[in-house]
């Protein structure tokens, strides 16, 4: 039910669930308010506890480790 509630929100690119915690990755430029999330959760008959919002920048570089005999 929680997955259905979160996926019903506009602007959600993907969602990761761990226990009772959901992490939402938003599409570029998308915004969600606490009221939007709370409404979606409560519409599915679930209880809203809290919301923590943070901006995380995507990695700008990736590293490749080369190992002898395997490359």
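Side notes on the structure shown:
- Restricting region 9-36 to residues that are surrounded by 14 or more Cβ atoms within 10 Å (Cβ to Cβ) and touching a helix residue (DSSP H, G or I) at 6+ places or on another chain (Cβ under 8 Å) leaves a set whose member that is nearest to residue 57 (Cα to Cα) is 24.
- Options 6, 15; residue that is touching a strand residue (DSSP E or B) at 6+ places or on another chain (Cβ under 8 Å), free of Cβ contacts under 8 Å to residues at least 60 places away in the same chain and part of a helix (DSSP H, G or I): 6
- Restricting region 37-61 to residues that are in contact (Cβ under 8 Å) with a residue 24 or more places away in the chain, more than 14 Å from the chain's Cα centre (by Cα) and part of a helix (DSSP H, G or I), the residue that is nearest to residue 8 (Cα to Cα) is 40.
- Flag: residue 62 does not match the condition of being modelled with pLDDT under 85 and surrounded by 10 or more Cβ atoms within 10 Å (Cβ to Cβ).
- Subset of region 21-36 [without any contact (Cβ under 8 Å) to a residue 24 or more places away in the chain and not in a strand (DSSP E or B)]: 27, 28, 29, 30, 31, 32, 33, 34, 35
The values are calculated or read from the model by the stated rules, or taken from the named source; none is laboratory data. As the structure is a prediction and not an experimental result, all values here were calculated from the model. Backbone-built Cβ (ideal geometry, glycine too); neighbour counts: all protein chains shown.
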